[in-house]
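Reviewing the structure listed below.
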Amino acid sequence: MALTQSDKLKQLVAAQQRGYSLAQSFYKDLDVYQAEVKNIFLKHWLYAGHVSQIPSSGDYFTVDFDTESVIVLRTAVGAVKAHLNLCRHRGSRICLDQSGSQKSLTCPYHAWSYNLDGELISARNMPDDFARSVNGLHHVNVALLGGLIFICLSNTPLSLDSLRHDLKQPFKLFGMNSMKLAEQKSYRILANWKLAVENYQECYHCAPSHPEFAQIHAMAKSPKVFQTAKVNFSQANQDNPKFMALNRYFDLAEKGQEGYQYDRNPLLPGALSGSVGGKPVAPLLGALQEYDGGASELMIGPLSYFLIYDDHMLGYRFLPVSVDECICEVSWFVEESAVQGQDYQLEQLTWLWDVTTQADKSIIMNNQKGVDSRFYQPGRLSEMESFQQSFLDWYLQTLV
Ligand code: FES
Ligand SMILES: [Fe+2]
């Protein structure tokens with residue numbers, strides 16, 4: 001008897017040995033990918049963008065992943081809403097540009113028109129029994145975390161209450177409500193999305209692949225050196241609320257809550273920010289009064305990551321395109337009152353993570369090429385890949 005799709009996935013998961021990289025099928029099999037779409041991409045919250053991208057009524061941007069496209073916009077009364085970019089007539093995409101400003105959303109195919117709330121307001125020459133009221137755009141869940149806009153395509157989205165409660169303090173300190181998006185770059189990676197996420201989650205590759213990063217971040221050192229630096233750093237900053245550590249991303253202890261993780265790590269001595277020589281690159285964020293020589297790692301859901309230096313924040317979003325392609329999108333945030341050219345220079349601000357992400361893109365694509373080989377076998381993970389291992393544990397549980 002042929003195996004059902006679910007039996008096949010269960011067998012794959014059961015055969016996966018802990019402490020090793022994933023078997024080839026996890027990176028190539030379409031049934032695996034479809035299970036990921038259902039159990040991960042459509043269920044979890046995804047960083048969509050920042051409120052500073054849509055300051056006025058009618059401003060919008062689109063977010064595309066897998067086969068889906070979402071329009072995130074500012075409504076007539078100033079609310080942030082999201083709709084599927086999918087016309088209710090015969091299914092055309094409606095917004096073809098990645099961003100813009102519109103008073104209403106008109107489908108380019110036969111000109112059905114929707115207001116910013118997604119209600120169908122005009123459809124020419126339709127039969128008498130056609131009801132406009134039930135042909136509005138599909139609603140997409142939206143949540144604001146500081147100025148960060150998150151979207152979720154599930155009918156029963158995971159709760160963000162626990163995260164909002166736990167992260168109140170660092171959000172306030174870093175002024176998550178008073179940042180603006182300074183720059184955004186997209187890196188198209190011809191590899192399975194997990195190779196990109198796994199790469200982001202381990203720093204075993206940092207020393208050999210990222211000489212620029214390794215000059216600034218203590219994390220690129222051996223686990224022993226890093227742990228000592230981290231303990232000393234935390235002890236020296238005991239009362240600083242930035243130094244809380246939350247590890248709720250993978251444990252799934254609180255059912256129905258979105259996973260998240262927050263931690264503060266030391267930079268190397270003398271470094272204050274993620275820049276050439278670790279020098280400051282922008283005005284301090286939010287309520288901060290001084291640099292402490294650290295950077296915070298924040299994860300929200302499985303695809304959205306943030307790295308918060310004292311004077312700017314990086315957003316990292318992994319968007320799956322198909323089983324063998326994904327996009328890594330990097331966003332740079334600064335304090336909203338900072339003026340480009342005066343308080344910060346884009347080139348200095350973006351240098352470290354542009355050069356680092358370009359290197360990541362190439363190592364991830366080379367990784368996929370090797371994983372595609374008929375001779376590929378899962379390899380043993382190092383001590384510096386323990387966080388990646390936590391992700392893999394969570395992933396295998398979540399897939400089936
Ligand atoms: S598909 Fe949009 S109006 Fe026809
Ligand atoms: Fe990297």
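The values are calculated or read from the model by the stated rules, or taken from the named source; none is laboratory data. Being a predicted model, the structure only gives us computed values, none of them experimental. Heads up, the Cβs are rebuilt from the backbone with ideal geometry, glycines too, and the neighbour counts pull from every protein chain shown. What goes into the accessible areas is simple: the full protein's heavy atoms, side chains included, and nothing from ligands, DNA or RNA. Shrake-Rupley method; radii C 1.70, N 1.55, O 1.52, S 1.80 Å.
Quick notes on this one:
- Residue 265, sole failed condition from (1) out of contact with any helix residue (DSSP H, G or I) (no Cβ under 7 Å at 6 or more places or on another chain); (2) not in a helix (DSSP H, G or I): (1)
- All positions within the stretch 367-400 that are closer than 18 Å to residue 323 by Cβ and surrounded by fewer than 14 Cβ atoms within 10 Å (Cβ to Cβ): 369, 370, 373, 374
- Of all the numbered requirements in (1) more than 28 Å from residue 62 (Cβ to Cβ); (2) outside any strand (DSSP E or B); (3) touching a residue at least 24 places away in the same chain (Cβ under 8 Å), residue 302 misses one, and that requirement is (1).
- Selection of the stretch 102-147 for residues being touching a Phe, Trp or Tyr at 6+ places or on another chain (Cβ under 6 Å) and under 26 Å from residue 45 (Cβ atoms) yields 105, 137, 143, 146.
- Residue within the stretch 38-49 that is charged (D, E, K, R), part of a loop (DSSP other than H, G, I, E, B) and within 18 Å of residue 150 (Cα to Cα) present: yes
- Boolean, residue 315 is among the small types (Gly, Ala, Ser) and open to solvent by 30 Å² or more (accessible area, probe 1.4 Å): no
Residue-by-condition table, conditions (1) assigned by TED's automatic domain parsing to the domain that holds residue 60; (2) farther than 30 Å from residue 257 by Cβ; (3) at pLDDT below 95; (4) surrounded by 15 or more Cβ atoms within 10 Å (Cβ to Cβ):
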| position | (1), (2), (3), (4) |
| --- | --- |
| 83 | yes, no, no, yes |
| 88 | yes, yes, no, yes |
| 97 | yes, yes, no, no |
| 100 | yes, yes, no, no |
| 105 | yes, yes, no, yes |
| 112 | yes, yes, no, yes |
| 117 | yes, no, no, yes |
| 132 | yes, yes, no, yes |
| 135 | yes, yes, no, yes |
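- A search for C-beta distances below 6 Å between a residue of the stretch 146-169 that is assigned to a loop (DSSP other than H, G, I, E, B) and any residue that is open to solvent by 90 Å² or more (accessible area, probe 1.4 Å), counting only pairs 6+ apart in sequence or on different chains, returns 146/177; 147/177; 154/43.
- Single residue of the stretch 338-360 satisfying the filter (part of a loop (DSSP other than H, G, I, E, B) and free of Cβ contacts under 8 Å to residues at least 60 places away in the same chain) that is nearest to ligand 2 (Cβ to nearest atom): 341
- Among residues of the stretch 1-26 that are more than 15 Å from residue 39 (Cβ to Cβ) and surrounded by 18 or more Cβ atoms within 10 Å (Cβ to Cβ), those with a Cβ under 9 angstrom from a residue that is of a type in the set (Lys, Arg) and at pLDDT 95 or above, sequence gap 6+ or separate chain, pair up as 21/380; 22/194.
- Within the stretch 361-385, tally of residues that are touching a residue at least 60 places away in the same chain (Cβ under 8 Å), outside any loop (DSSP other than H, G, I, E, B) and of a type in the set (S, T, N, Q): 2
- In the set 229, 196, only one residue is touching a strand residue (DSSP E or B) at 6+ places or on another chain (Cβ under 7 Å), outside any strand (DSSP E or B) and either buried (at least 20 other Cβ atoms within 10 Å of the Cβ) or on the phi > 0 side of the Ramachandran plot (or both); that residue is 196.
- The listed residues are 178, 154, 222, 186, and the only one of them that is of a type outside the set (Val, Ile, Thr), outside the structural domain of residue 281 (by TED's automatic domain parsing) and either within 16 Å of ligand 1 (Cβ to nearest atom) or surrounded by fewer than 18 Cβ atoms within 10 Å (Cβ to Cβ) (or both) turns out to be 154.
- Residue 196 vs. criteria in contact with a Cys (Cβ under 6 Å, 6 or more places away or on another chain) and either in the same structural domain as residue 65 (by TED's automatic domain parsing) or aliphatic (A, V, I, L, M) (or both): yes
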